[in-house]
1. Might you let me know whether the stretch 155-163 holds any residue that is surrounded by 12 or more Cβ atoms within 10 Å (Cβ to Cβ), among the β-branched types (Val, Ile, Thr), outside any loop (DSSP other than H, G, I, E, B) and without any contact (Cβ under 8 Å) to a residue 40 or more places away in the chain?
2. Of everything in the stretch 96-126, what is under 17 Å from ILE51 (Cβ atoms), surrounded by 14 or more Cβ atoms within 10 Å (Cβ to Cβ) and not polar (S, T, N, Q)? Give them in sequence order.
3. Which numbered condition in (1) out of contact with any helix residue (DSSP H, G or I) (no Cβ under 9 Å at 6 or more places or on another chain); (2) touching a residue at least 12 places away in the same chain (Cβ under 8 Å); (3) outside the structural domain of ILE215 (by TED's automatic domain parsing); (4) more than 27 Å from ASP60 (Cβ to Cβ) is the only one that ALA92 fails?
4. Checking VAL174 against (1) at pLDDT below 95; (2) β-branched (Val, Ile, Thr); (3) not assigned by TED's automatic domain parsing to the domain that holds TYR223, which single condition isn't satisfied?
5. All but one of (1) surrounded by 13 or more Cβ atoms within 10 Å (Cβ to Cβ); (2) farther than 29 Å from ASN246 by Cα hold for GLU150; which doesn't?
6. Considering every residue within the stretch 73-86, establish whether at least one is at pLDDT 95 or above, more than 26 Å from VAL156 (Cβ to Cβ), part of a helix (DSSP H, G or I) and not hydrophobic (A, V, I, L, M, F, W, C).
7. Does at least one position in the stretch 178-193 carry a residue that is over 28 Å from the mean Cα position of the chain (by Cα) and part of a loop (DSSP other than H, G, I, E, B)?
8. Would the stretch 132-145 turn up any residue that is surrounded by 16 or more Cβ atoms within 10 Å (Cβ to Cβ), at pLDDT below 95 and not small (Gly, Ala, Ser)?
Amino acid sequence: MLVADFNKYLPYVIVLLAVLFVYNVITLVGISSNVSSAIADAKVAAMPIEIEVTFLKADDCDDCRDISSMITSLEDIFTVEVNEIQYGSSEADELIEKYDLEFAPTIILSSDASKYDGFEQIWEAYGTQEDDSSFVLRNGVPPYLDTETEDVLGIVNIIYLVDESCEDCYDVTVHKKILSGFGLALGNEETVDVNTKEGHDLLSKYNIRKYPTVILSSDADEYSILQQVWEQVGEVADDGSYVFTNMDQMQGAVFVDLDEEQ
């Protein structure tokens, strides 16, 4: 009887098993497809993002900073194709006009750089993202060439203002080592004694009351990091010169204070 009943439902059992088999096949194919898709996506995600870097060079500028190391750094996270353009060429002129470039050398990254998670926020510290979504370096590394005047900006001249009669006064050249730590490109260095006419003129011109000290030329303004620090250690004169005034920063140093002498 049980066998007869089973035989009675056997066609339905066969159909049910067939349906289950087809369902399992479809499910397995679907899972396999999803896994393959996930693996493919992972492979794509693992592949370096390809970008083009337009490198506006200024090879004729011997004093300009070499910024090729910036491209090397980009190669740590991107696959980089570099398109070099020489300053002074017609192609460079078009690029300068298109992006209103103020200095050379500089670099421009293609919009693909935005595929790197968080890159747009990172780039805010270095430059701008343009209407065409490319990334332009705006905070350059001096010295560089001013594209409008063609002057080299960022070479800082130093005047060491000393008192030759003060044997115990601190060695003012210590400032040179400190300034070099900020990446300053130093130009002419001149030592002036306060007891000379030139020294008296400098004391008067910059209202200097404490010395030895240093006076930096206005090109120091090209260094944004120095600008931030100088607010704590000195003053910026009307002619743009940077004058060191805060002797409290020179711990234990011996110096002349004209206000205390009076």
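1. Applying the first criterion (surrounded by 12 or more Cβ atoms within 10 Å (Cβ to Cβ)) to the stretch 155-163 yields 155-163.
Then drop every residue that is not among the β-branched types (Val, Ile, Thr), which leaves 155-156, 158-159, 162.
Now restrict to residues that are outside any loop (DSSP other than H, G, I, E, B): 155-156, 158-159, 162.
Still in the running and without any contact (Cβ under 8 Å) to a residue 40 or more places away in the chain: none.
No: zero hits.
2. TYR99, ILE107, ILE108, LEU109, ASP112, ALA113, TYR116, PHE119, TRP123, TYR126
3. Only one criterion in (1) out of contact with any helix residue (DSSP H, G or I) (no Cβ under 9 Å at 6 or more places or on another chain); (2) touching a residue at least 12 places away in the same chain (Cβ under 8 Å); (3) outside the structural domain of ILE215 (by TED's automatic domain parsing); (4) more than 27 Å from ASP60 (Cβ to Cβ) is unmet by ALA92, namely (4).
4. (3)
5. (1)
6. No - not one qualifying residue is present in the stretch 73-86.
7. So far as the stretch 178-193 goes, no, none of its residues is over 28 Å from the mean Cα position of the chain (by Cα) and part of a loop (DSSP other than H, G, I, E, B).
8. Yes - at least one qualifying residue is present in the stretch 132-145.
The values are calculated or read from the model by the stated rules, or taken from the named source; none is laboratory data. Model, not experiment: these values are computed from the prediction. Glycine also receives a Cβ, built like all others from the backbone with ideal geometry; neighbour counts cover every protein chain displayed.
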